[in-house]
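These notes are about the structure you will find just below.
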Amino acid sequence: MQLEAKNIGFRYHQNPWLFRNFSLTLNSGEILGLKGQSGCGKTTLARILAGYEKTLEGRIELGGAPLPKVGYRAVQLVFQHPEKSVNPRWHMRDILQEGWQPDDELLARFGIQQDWLSRWPNELSGGELQRFCVVRALSPETKFLIADEMTAMLDAITQAQIWQAILELAKERDLGILVVSHEKELVKRVCDRVIELDSVHLERNSFIS
Amino acid sequence: MNQLNHALSLEEKPRKIIRFNRRQSTLITILSGLALLTAIIAASFLMSDEAIKTHFEARNLSPSWQHFFGTDWLGRDMFTRTVKGLSLSIGIGLLASTVSVIVALILGMAAATLGKTVDTLISWLVDVFMGLPHLVALILIAFALGSGAKGVIIGVACTHWPNLTRIIRAEVLQLRTSQFVQVSRHMGKSRIWIAVQHLLPHLLPQFFVGLVLLFPHAILHEASITFLGFGLSPHQPAIGVILSESMNYLSVGMWWLAFFPGLSLLVVVRVFDMVGDNLRLMFDPHSAHE
Ligand SMILES: Nc1ncnc2c1ncn2[C@@H]1O[C@H](COP(=O)(O)OP(=O)(O)OP(=O)(O)O)[C@@H](O)[C@H]1O
Ligand SMILES: [Mg+2]
């Protein structure tokens, strides 16, 4: 299966275009890196690819069809700030199981401790919270994962642990992953290929593949 | 370095005590307010009806140790009547404000989640009801439904939902764009499921604060339309009934007939206001974690 962006363009209100005529193809089982300066529109692109935002021009296709608008989405996005993507009035267990029921083995792979499950979100560190968000997004129905600066706030060891777990899972399930990051080291280590979202490029009708 | 730490910890201390005290005093105010109200209701159940029957031998007595609030022209004990009246008012107020708050909750959530047409319609209704003076609307409704508790309760419920509806609508609109709600949609959850599971827990504080703040209004309005003769029947021991009857006797110098029941009503209303304000303080997101 493929997740494709075809000649998409987006801007907020009347602001300048963040990108135009931008195309991208993400294959199942592929780990693609996306680099770019701060503020160039990486998060915006990630939101569009996952169906959180409508593109103004062009279209997004999943396996040749438009992104579905109901049911569990096969394209899942893990946000930069985990504290915003969990309901502060829910227990961690409920947050984790909102979309599916992860087994203990998977939790262990991501280093989630059992006693964290009965805590509130504000009783966990950002890194601990982010593991929950990752596992929550990785149901068997997930075909593509978009990781927006997913591990930016973690230390190197935790980062390595989480990425190792994700890469293993991606192999097992043939997941396609888009790694949005400004950390060159990380991108170089985990990604099969890398594209750059560079505003100057994009003005000139870029096709990067 | 050590000295610096020391200085810092010294500076920390007094602030901590003040914070603790504020939260504590908030809690004490709330609890004592609730205790007073429970006491009134309990007392009204415990007091026998004997004291509010006609006693011709004890007519028109001014306040004394035996009759705290005096007696009226039929020899009824005014203290007992006041307590029973207050308790009736509290009951009606509670029912009316609960209905009102539930209406506000449902309409507020509907306006913010069910699309543009519903939103326009509800916002229009809110504006219409906000433009109408409460007392006028109340009298109309109570009159149309015939006097009695039903008219009062429905009247108060119908006139007091708009404010809270506005607040809840704004809150839901903001919540709807929050990341965790969007994530939930992408987990395939339905709108109704999200409304109940995600939005409702955030609206509960508004719900309770709104309930308590509506209470004084409900009680005062009940008393005033009863006073005007559109509310509860004269046979019920309501504060409004007591006050309107007493008016006839004020000119004869029986000041205690209106003074004590009126004062008690004022005190109960103030207590509710205080409890409501303190609850709001406690639920306020900026002070909630102190
Ligand atoms: N909701 C919004 N309304 C208006 N402008 C926005 C909005 N969200 C983002 N922007 C603007 O769009 C541009 C791109 O934002 P975006 O978050 O996509 O950047 P980014 O590449 O993810 O940056 P970073 O690396 O810092 O995360 C920024 O200039 C930002 O100010
Ligand atoms: Mg970003």
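The values are calculated or read from the model by the stated rules, or taken from the named source; none is laboratory data. Keep in mind it's a predicted model, so treat the numbers as computed, not measured. Cβ coordinates were reconstructed from backbone atoms using ideal geometry, including for glycine residues, and neighbour counts include every protein chain displayed. For the accessible areas, the whole protein counts, side chains as well, though only heavy atoms, and no ligand, DNA or RNA atoms are used. Shrake-Rupley method; radii C 1.70, N 1.55, O 1.52, S 1.80 Å.
Here are a few things to note about the model shown:
- Nearest-ten-degree value, helix A:156-173 long axis tilted from longest Cα axis of chain A: 80
- Buried area at the B-A interface (accessible, heavy atoms, 1.4 Å probe, summed, Å²): 1700
- Dipole of the stretch A:2-208, positive end: most advanced residue of A:50, A:120, A:21 [Cβ charges, Cα centre]: A:21
- Relative pair counts by distance (%), Cα atoms of the stretch B:88-290, 10 Å bins: 9, 29, 30, 19, 9, 3, 1, 0
- Apportionment of accessible area to carbon and sulfur, chain A, percent (1.4 Å): 48
- Top of B:217, B:67, B:235 by mean-square fluctuation, Gaussian network on chain B, Cα under 10 Å: B:235
- Flagged links, alpha-carbon separation over 31 Å, of A:42/A:69; A:69/A:188; B:116/B:150; A:42/A:143: A:69/A:188; B:116/B:150
- Largest-first principal axis extents of the Cα set of chain A (Å): 52, 37, 35
- Rolling a 1.4 angstrom probe over the protein heavy atoms with all chains in place gives chain B an accessible area of 54 Å² per residue.
- Annotation for the stretch B:100-140 versus the stretch A:1-44: alpha-carbon center distance of 43 Å.
- What the phi angles of the stretch A:52-63 give under the Karplus curve with 6.51, -1.76 and 1.60, with θ = phi - 60°, is a coupling list of 7, 9, 8, 6, 7, 10, x, 8, 10, 10, 10, x Hz, glycine and proline written as x.
- GNM on chain B, alpha-carbon springs under 10 angstrom: the most fluctuating residue among B:135, B:199, B:121 is B:121.
- The stretch B:210-290, dipole about Cα centre (Lys/Arg Cβ +1, Asp/Glu Cβ -1), debye to the nearest 20: 180
- Straight-distance crosslink candidates among aspartates and glutamates, where the alpha carbon sits under 15 Å from residue B:189 and sequence neighbours closer than 8 are dropped: A:94, A:98, A:141
- Within the straight-line cut-off of under 12 Å between alpha carbons, the aspartates and glutamates reachable from residue B:53 are B:72, B:77, sequence neighbours fewer than 8 places apart in one chain being disregarded.
- Taking a ≥ b ≥ c as the square roots of the eigenvalues of the alpha carbon gyration tensor, the stretch A:106-180 is prolate, as a/c is not under 1.5 and a/b beats b/c.
- Along the axis of the charge dipole computed for the protein assembly as shown (Cβ charges of +1 for Lys and Arg, -1 for Asp and Glu, origin at the Cα centre), the listed residues B:34, B:24, B:85 are led at the positive end by B:85.
- For the stretch A:1-100, chymotrypsin sites (Phe, Trp or Tyr not before Pro) are listed when DSSP marks them as loop and at most 14 other Cβ atoms sit within 10 Å of their Cβ; the list is A:12.
- Among A:45, A:32, A:56: highest mean-square fluctuation, GNM of chain A, C-alpha pairs under 10 Å: A:56
- Acute angle (nearest 10 degrees) that the helix A:126-137 long axis makes with the longest principal axis of chain A, alpha-carbon atoms: 70
- Computed magnitude of the charge dipole of the stretch A:2-208 (debye, nearest 20; Cβ of K, R +1, Cβ of D, E -1): 660
- Prolate/oblate/rounded call for the stretch B:19-115, Cα gyration tensor, a/c under 1.5 rounded: oblate
- Put simply, the Cα atoms of the protein assembly as shown extend 102, 63, 41 Å along their principal axes, the longest span coming first.
- Expected 222 nm ellipticity per residue - DSSP helices of 4 or more, -39500 (n - 2.57), all of chain A, to 500: -8000 deg cm²/dmol
- Kyte-Doolittle at least -1.0, axis length at least 30 Å by Cα - qualifying DSSP helices, chain B: B:2-46, B:78-113, B:149-176, B:200-227, B:256-283
- Drop in accessible area of at least 10 Å² in the complex versus isolated chain, residues of the stretch B:185-205, 1.4 Å probe: B:185, B:186, B:187, B:188, B:189, B:193, B:197, B:198, B:201, B:202, B:205
- Net charge dipole size for chain B [Lys, Arg +1 and Asp, Glu -1 on Cβ; Debye, nearest 20]: 860
- Exposed-loop-free span, longest in chain A, where trypsin sites (Lys or Arg not before Pro) count as exposed if DSSP calls them loop and at most 16 other C-beta atoms lie within 10 Å: A:120-203
- Low-density loop cleavage sites - chymotrypsin sites (Phe, Trp or Tyr not before Pro) in the stretch B:54-83, where at most 10 other Cβ are within 10 Å (DSSP): B:65
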